[in-house]
1. Is the range 97-116 home to any residue that is among the charged types (D, E, K, R), modelled with pLDDT of 95 or more and within 16 Å of the ligand (Cβ to nearest atom)?
2. Going residue by residue through the range 286-309, is there one that turns out to be within 13 Å of the ligand (Cβ to nearest atom) and out of contact with any Gly (no Cβ under 9 Å at 6 or more places or on another chain)?
3. Can you tell me how many residues in the range 143-154 are in a strand (DSSP E or B) and more than 9 Å from the ligand (Cβ to nearest atom)?
4. In the range 177-204, how many are within 14 Å of the ligand (Cβ to nearest atom) and either among the aromatic types (F, W, Y) or in a loop (DSSP other than H, G, I, E, B) (or both)?
5. Starting from the range 270-293, take each residue that is part of a helix (DSSP H, G or I) and list its partners that are acidic (D, E), counting only C-beta distances under 6 angstrom and pairs at least six apart or across chains.
6. What's the number of the only condition in (1) modelled with pLDDT of 95 or more; (2) away from the ligand (no atom under 16 Å from the Cβ) that V339 fails to meet?
7. Looking at this structure, is A20 closer than 30 Å to S280 by Cα, loosely packed, with under 12 Cβ neighbours inside 10 Å and not acidic (D, E)?
8. Tell me, which residue of the range 252-265 that is surrounded by 10 or more Cβ atoms within 10 Å (Cβ to Cβ) and not acidic (D, E) is farthest from I238 (Cα to Cα)?
Amino acid sequence: MPESLTAEQNALAEKANQLAQDVMLVPYPTPEKARAAVREASKAAGFFTMTQPAAYGGTEADQLSLTIVREALTSHNAPLMDAVFGPSPGVLGGVTNSLRESHLEPLLAGEKRSSFGFTEPDNVARPTFGIISDNRLSVTGQKSYVTGGAEADFVNALVDIEDRGPSMVVLDTNLDGMILEQKFSSLDGSHHAAFRFENVEVPTDAIIGEPGKGLPRAMRQIGDTRMLFAANACGYMIWVLNMLNEHLLAKDKSGTPRGDKDVVRWHYANLRIKAYAARSMLYRTARLADSGENFVNEAMACKAFATESIGEIVDTAIQLVGGVALVEGHPLERLYRHVRAWRLAEGASDVLRLNIGRGILELGKGRI
Ligand SMILES: Cc1cc2nc3c(=O)[nH]c(=O)nc-3n(C[C@H](O)[C@H](O)[C@H](O)COP(=O)(O)OP(=O)(O)OC[C@H]3O[C@@H](n4cnc5c(N)ncnc54)[C@H](O)[C@@H]3O)c2cc1C
C-alpha cells in the first residue's frame, strides 16, 4: 500500500514533490531552458539515472522506487515529465554483440534515438518477416504506429525470421528500403510514423539477443511501460481529486458549497474509491515485480484498471467543473486528451482482459 513506505521511500517521494514544485512548475524564458533546468535538477536529485543500467553509470532503480517517483511527480500535473528520466535500454538491455557499441551506448548517452515497431496494419498479407542468407538478414513488412519513428535513428522492430521465429531486430531508419510512409500525431499530442520495409538488409548482428526469442524481450519492455502508465495515471488521479476538493468546497451561485449536493458528493466519493483501488493495485504490483515473481497478469490488471480509472476520473471531473473545463488550455481538457491513449497503447484494455481470462481458463496460470 502507498502508506506503508519506509522513511527512505517517503524521502524519495518528498524529493520528487520538491522537483515538481521548485523546478518543473516554475516559468522559464524558453522551452529549451525549461528542459535543461529539469534535466539538471533531475540529475542532481538522482532521478535521471534511475532508468539506466548500473554497467553504464545508472542506478537501476527497483519498480517500487520508480513508482514512487513517477506518482509523486504526476500528482503535481507538472510538465516535462520526459526530461526527468534518462534514456533506458528498452529491448536492447543486456546486448553483448556489436549492437552494444553501435546502438546501446549511443542510446544511453542520448546520442541516438530509438523507437519501437510492433503494431502492424490490419490488412497485411503477411506480418513483417525476415530471411537469413550468408549472415545477412533481409526484412520485408510494415509497422503502422511507431512513436517518435520519424525522428528516430533506428526502429527496434518485431520480425518473424524464417526458421527462427519472432525476433527483435535493429533497423536504422536511413537504410535502403526503409520507407517512411506517413507521419501523424495522436489526440495526446505525441508524434508517430508508419514504415514500410522493402528488403531492408542488415547483418545478422542486428538481431537483438537470441533469434526467435524476441517476443518475451518485447513483452518485458511492454510490461515496464504498463507499470509506467499505471504510476502516472495514479499520480494524475491525486492531482484531479485535489483540484476537485477545492472546487467542491467553494460556493456556487446560490452561495452554498458545490459539494453539498448529494449527487455531486456521490460522484466525488466514487472517484475516490477508484483512486484508492488503483493505487492499492499499483503498489502491490510494484512490490510483486521487485520480489522477482511473475507479475504479468497483475501488470495487465493494474494497467487496465488505472488507465480506465483516470479516464473516468478526468471525464467526471470535467462534468462536475462544467464547460470551463473544456476550454482549450484548461488543465482538465489537456489531461483528458493525454490519458485517452493509454487505454490502447501498450495493450488495448479489451485485449488485456482476454489475456487474463485465457491465462486462468486455458493455462491455469496467475493469481488473479
Ligand atoms: C499514443 C499511442 C502510441 C503508440 N505507440 C506505439 C509504438 O511506439 N509502437 C507500436 O508498435 N505501437 C504503438 N501504438 C499502437 C498500439 O500498441 C495499438 O494501438 C494497440 O496495441 C491496439 O492495436 P490496434 O490499434 O491495431 O487496434 P486493434 O488491435 O485492431 O484493436 C482495436 C480493438 O479491437 C478489439 N480487439 C483487438 N484484438 C482483439 C482480440 N484478440 N480479441 C477481441 N477483441 C480484440 C478490441 O476492442 C480493441 O480495443 C501506439 C498507440 C497509441 C494510441
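The values are calculated or read from the model by the stated rules, or taken from the named source; none is laboratory data. Everything numeric here is computed off the predicted structure, so don't read it as measured data. We place every Cβ from the backbone using ideal geometry, glycine too, and count neighbours over all the protein chains shown.
1. Within the range 97-116, the first condition is being among the charged types (D, E, K, R), and the residues that meet it are 100-101, 105, 111-113.
From the residues that got through so far, the ones that are modelled with pLDDT of 95 or more too are 100-101, 105, 111-113.
Among the residues that remain, those that are also within 16 Å of the ligand (Cβ to nearest atom) are: 113.
Scanning the range 97-116 turns up at least one residue that is among the charged types (D, E, K, R), modelled with pLDDT of 95 or more and within 16 Å of the ligand (Cβ to nearest atom).
2. Yes, because at least one residue in the range 286-309 is within 13 Å of the ligand (Cβ to nearest atom) and out of contact with any Gly (no Cβ under 9 Å at 6 or more places or on another chain).
3. Here is the first cut: in the range 143-154, the residues in a strand (DSSP E or B) are 143-147, 154.
Imposing the further condition that a residue be more than 9 Å from the ligand (Cβ to nearest atom) reduces the set to 154.
Matching residues across the range 143-154 total 1.
4. Step one: list which residues in the range 177-204 are within 14 Å of the ligand (Cβ to nearest atom), which gives 182-195, 197.
The next check asks that each one be either among the aromatic types (F, W, Y) or in a loop (DSSP other than H, G, I, E, B) (or both); those that pass are 184, 186-190, 195, 197.
So the answer is 8.
5. Filtered contacts from the range 270-293: T285/E298; L288/E298; D290/D62.
6. (2)
7. Details: closer than 30 Å to S280 by Cα: yes; loosely packed, with under 12 Cβ neighbours inside 10 Å: no; not acidic (D, E): yes.
When the stated conditions are applied, A20 does not pass them.
8. Kept after step one, since they are surrounded by 10 or more Cβ atoms within 10 Å (Cβ to Cβ), are these residues of the range 252-265: 252, 256-261, 264-265.
Adding the requirement that they be not acidic (D, E) leaves 256-259, 261, 264-265.
Details: T256: 25, P257: 21, R258: 20, G259: 18, K261: 22, V264: 18, R265: 17 Å.
Checking each candidate, the answer is T256.
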